[in-house]
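Let me begin by presenting the structure, written as structure tokens, before commenting on it.
The values are calculated or read from the model by the stated rules, or taken from the named source; none is laboratory data. The structure displayed is predicted, hence computed values, not measured ones. Every residue, glycine as well, gets a Cβ built from its backbone with ideal geometry; the counts of neighbours run over all protein chains shown.
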Amino acid sequence: LFDYVSECLESRCEQAFVGSCKSWPRWVTSIQRKNILAEELYKEMLSFRNMEDVMAEELLSNDMSRGYGKWLDFDIEAFEEGLEVEEDIVESLIDELLSDLLVV
């Protein structure tokens with residue numbers, strides 16, 4: 001139970017603090033109203049009761065179709081790539097500035 005709640009909270013924090021800020025207002029609301037967050041976690045836990053007889057393919061499909069683990073959710077990857085591009089640009093600008101200062 002503890003591991004499940006921890007994993008759910010971690011995935012929600014990851015969505016709120018990494019990548020785009022689309023989910024930030026919802027995260028703030030759920031933090032301010034802890035009963036909303038508790039209800040969401042409780043609903044997710046109830047959905048696991050009915051999964052005893054479900055096949056592995058269905059479990060995988062359910063996991064990957066949820067809001068926090070979709071196959072086509074690339075916000076985090078886009079954020080990480082943006083950071084790499086940003087670092088490359090800053091490094092290039094610093095190198096150019098230093099070479100200009102050394103030439104003069």
Residues within the range 70-104 that are at pLDDT below 90 and either part of a helix (DSSP H, G or I) or more than 22 Å from Cys8 (Cα to Cα) (or both), tallied: 11
The range 45-69, subset assigned to a loop (DSSP other than H, G, I, E, B) and surrounded by fewer than 12 Cβ atoms within 10 Å (Cβ to Cβ), residue modelled with the lowest pLDDT: Gly67
Long-range neighbours under 8 Å by Cβ, at least six apart or interchain, first residue free of Cβ contacts under 8 Å to residues at least 60 places away in the same chain within the range 75-104, second of a type in the set (Ser, Thr, Tyr) and surrounded by 10 or more Cβ atoms within 10 Å (Cβ to Cβ): Ala78/Ser20
